[in-house]
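Accompanying notes for the structure given below.
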Amino acid sequence: MSNPTTPFSWQMPTATDLVTDLPADFEVFGQAVATSMADLLGGTSGQVLAKNSNTDMDFVWTTANPGDITGVTAGTGISGGGTSGTVTITNSMATEIAAKGDLIVGTGSATFDNLTAGNNGETLVADSSTSTGLAYKSASALYPFTSFTPTWTNLTVGNGTGVYKYQQIGKQIFAFYKFTLGSTSAIGTNPNVTLPINPASGAGGFLSYSAKLTDNGVGTFNGAVDEDTNKLYLASGVTSGSFLNGGTITATSPFTWTTGDSISFNINYEVA
């Protein structure tokens, strides 16, 4: 029975066979079909037909294994879910973001909120006073200049005026002092003044300083400062007449102190 074949290798009767050997040829054809379809037989209720190998028409009946998931429940930060049909879930933390730079932060146990981006140049810091525990703050807010009132020794403040401020950044203190003498003010020998915050033990003095002593209407002298037992000691910093560099300040040195004269200096040192 030399004749064309189908993709399933079923032999088909030729035109001549249909006249001469029709019964026998259809028997061969039918047997081939039955053999190819044998794997489709059988199976039980609920089973599904699956490929058994890469061979054509090779199938096997098997029990479906859909798993044991009967529903999807949304947890913290997720919304949606369901128990049937197509289930959609959404990342609620992502949809909470409203604009560029926003952050999702915790507000408590299993709760969160959107933190709006701060202004250019601001720094994100811990802040327990806010609902998120965080806040954006500018450098001036993080490191403000704080006014303080020092204690002078060997200097009578009287009705003189003082401007005293300091700023702390980490363990560094930046402080500014300016005292202007009034009519009842007086400079004694070797004046000294307290620091806004005591330095670290063994800090080894100041990291830097600058000072000037102003004879009002006459001129300005460079000054010097030194730290000892949490105080600043002031000295004349340059030669002027008979006053030597680093000389002790007195009522008449490096000039005779009167109303309107002033002492000013900046210091930078380390605290514990």
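Odds and ends about this structure:
- Among the residues of the range 176-195, not a single one is outside any strand (DSSP E or B), under 47 Å from the mean Cα position of the chain (by Cα) and on the phi > 0 side of the Ramachandran plot.
- Residues within the range 212-229 that are modelled with pLDDT of 80 or more and in a strand (DSSP E or B), tallied: 11
- Filter pass, residue 154 being modelled with pLDDT under 95 and surrounded by 12 or more Cβ atoms within 10 Å (Cβ to Cβ): no
- Test: residue in the range 128-137 that is in contact (Cβ under 8 Å) with a residue 12 or more places away in the chain, small (Gly, Ala, Ser) and part of a loop (DSSP other than H, G, I, E, B): yes
- Restricting attention to the range 12-55, the residues being in a loop (DSSP other than H, G, I, E, B), at pLDDT 70 or above and more than 60 Å from the chain's Cα centre (by Cα) number 5.
- Residue list for the range 58-72, restricted to those being exposed (fewer than 11 other Cβ atoms within 10 Å of the Cβ) and in contact with a Gly (Cβ under 8 Å, 6 or more places away or on another chain): 63, 64, 71
- Conditions (1) within 30 Å of residue 235 (Cβ to Cβ); (2) of a type in the set (A, V, I, L, M); (3) surrounded by 13 or more Cβ atoms within 10 Å (Cβ to Cβ): number failed by residue 93: (1)
- Candidate set from the range 180-211 (those that are crowded, with 19+ Cβ neighbours inside 10 Å and among the polar types (S, T, N, Q)); member that is modelled with the highest pLDDT: 185
- Residue check, residue 159 in the same structural domain as residue 231 (by TED's automatic domain parsing), under 30 Å from residue 231 (Cβ atoms) and in a loop (DSSP other than H, G, I, E, B): yes
- Checking 86, 44 one by one, the residue that is exposed (fewer than 12 other Cβ atoms within 10 Å of the Cβ) and in the same structural domain as residue 116 (by TED's automatic domain parsing) is 86 and no other.
- Count of residues meeting criterion [part of a loop (DSSP other than H, G, I, E, B) and closer than 30 Å to residue 107 by Cα] in the range 56-85: 5
- Every residue from the range 114-127 that is assigned to a strand (DSSP E or B) and either at positive phi or exposed (fewer than 14 other Cβ atoms within 10 Å of the Cβ) (or both): 123, 125, 126
- Leading residue by the ranking (nearest to residue 103 (Cα to Cα)) among those in the range 135-164 that are within 31 Å of the chain's Cα centre (by Cα) and of a type outside the set (Ser, Thr, Tyr): 135
The values are calculated or read from the model by the stated rules, or taken from the named source; none is laboratory data. As the structure is a prediction and not an experimental result, all values here were calculated from the model. Positions of Cβ are backbone-derived with ideal geometry, glycine not excepted, and every protein chain shown enters the neighbour counts.
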